[in-house]
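Some notes on the structure that comes next.
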Amino acid sequence: MRTVLIIGATRGLGEALAHQYVKQGMQVYATARYSVPQSTAHNLQWISHIDITHEGAGRRISAHWESASKVDLLVICAGYFASDTLEDLDMEKQLVMYKTCAIGPTFLVHGLLHTGLLKSGSRIVLVSGESGSITLRHDRGGNYGGHASKAALNMVGKLLSIDLKPKGIAVALVHTGYLRIQDKEGNWSKKKDAATPEEAANALRAWIDTFDISKTGQFWSVRGPAGIRSAEAVLGPVDTLPTPLQLPW
Ligand SMILES: NC(=O)c1ccc[n+]([C@@H]2O[C@H](COP(=O)([O-])OP(=O)(O)OC[C@H]3O[C@@H](n4cnc5c(N)ncnc54)[C@H](OP(=O)(O)O)[C@@H]3O)[C@@H](O)[C@H]2O)c1
């Protein structure tokens, strides 16, 4: 693997993953929704104004692609979450969640395929969340947009894996665990079992090293059951569950 394309790399998991792959010596293409951060690394190329909710995002990436090599690994990190309850629903926010998490990735992959940036041997990792697993919903409702948009992404990933298998392109869904959030003073939240973006990116890279066409169409938690609240109730004692852990849909 030489060339990595990361969608949504200005913050959080995408930023950490981009920096780690740059350090590893990969050629990294990283996208930003607005202007691009300053970068001095020769193997990090930013592409600005990539909004995954825009139909032409894939074509824009292809238009700004500068190397002869195609995409060996595509990781879509871009996501949007807004909490809601049955008593307090927000139509606009729900539309943004579905467009960002599920509809956008479908069109982006379509665009990259049709411009030839994805080819036989490419691998696609869609960053989903255990929140998108229907089986793991156990005793807590709410967050309709957050859960259902990731469930929709899981369906998109499964369908892509079927359509792209004959082309030799592997597609997987991953949960990287819940991420700790840093406040303006630089302090990290202390959410139980939550990881820093660097820890999550490390675990994701280790899992990606094992990802080939034999895992296409699967849904994996790269940090095992860590932070999955319903794991014990639905999947059994957490100390018997492996890391990484294949998740039920
Ligand atoms: N954080 C968690 O606890 C958690 C848990 C489970 C799953 N996940 C999933 O893991 C992924 C990464 O999470 P994170 O916490 O690192 O996210 P984050 O800090 O919110 O970063 C999201 C990244 O996506 C970009 N982005 C947002 N909307 C976009 C759009 N419409 N088009 C293109 N880029 C867009 C953001 O760019 P801007 O800087 O322009 O906003 C940012 O670079 C997401 O898919 C999230 O759903 C996160």
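The values are calculated or read from the model by the stated rules, or taken from the named source; none is laboratory data. Nothing here was measured: the structure is a model prediction, and the numbers come from that model. Quick reminder, even Gly has a Cβ in these numbers, built from the backbone with ideal geometry, and neighbours come from all protein chains shown. Surface accessibility is based on the protein's heavy atoms, side chains included, excluding ligands, DNA and RNA. Shrake-Rupley method; radii C 1.70, N 1.55, O 1.52, S 1.80 Å.
Checking 97, 91 one by one, the residue that is out of contact with any His (no Cβ under 7 Å at 6 or more places or on another chain), open to solvent by less than 10 Å² (accessible area, probe 1.4 Å) and at pLDDT 95 or above is 97 and no other. The residue of region 71-129 that is farthest from the chain's Cα centre (by Cα), among those that are over 17 Å from residue 2 (Cα atoms), more than 11 Å from the ligand (Cβ to nearest atom) and part of a strand (DSSP E or B), is 88.
Listed here are the residues, each with its yes/no results for (1) touching a residue at least 60 places away in the same chain (Cβ under 8 Å); (2) open to solvent by less than 80 Å² (accessible area, probe 1.4 Å); (3) polar (S, T, N, Q).
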| site | (1), (2), (3) |
| --- | --- |
| 65 | no, yes, no |
| 71 | yes, yes, no |
| 77 | yes, yes, no |
| 82 | yes, yes, no |
| 125 | yes, yes, no |
| 138 | yes, no, no |
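Checking each residue in region 26-47 for being within 12 Å of the ligand (Cβ to nearest atom) and either open to solvent by 30 Å² or more (accessible area, probe 1.4 Å) or among the charged types (D, E, K, R) (or both) picks out 33, 34, 35, 36, 37, 46. The residues of region 162-185 that are more than 11 Å from the ligand (Cβ to nearest atom) and on the phi > 0 side of the Ramachandran plot amount to a single one, 168.
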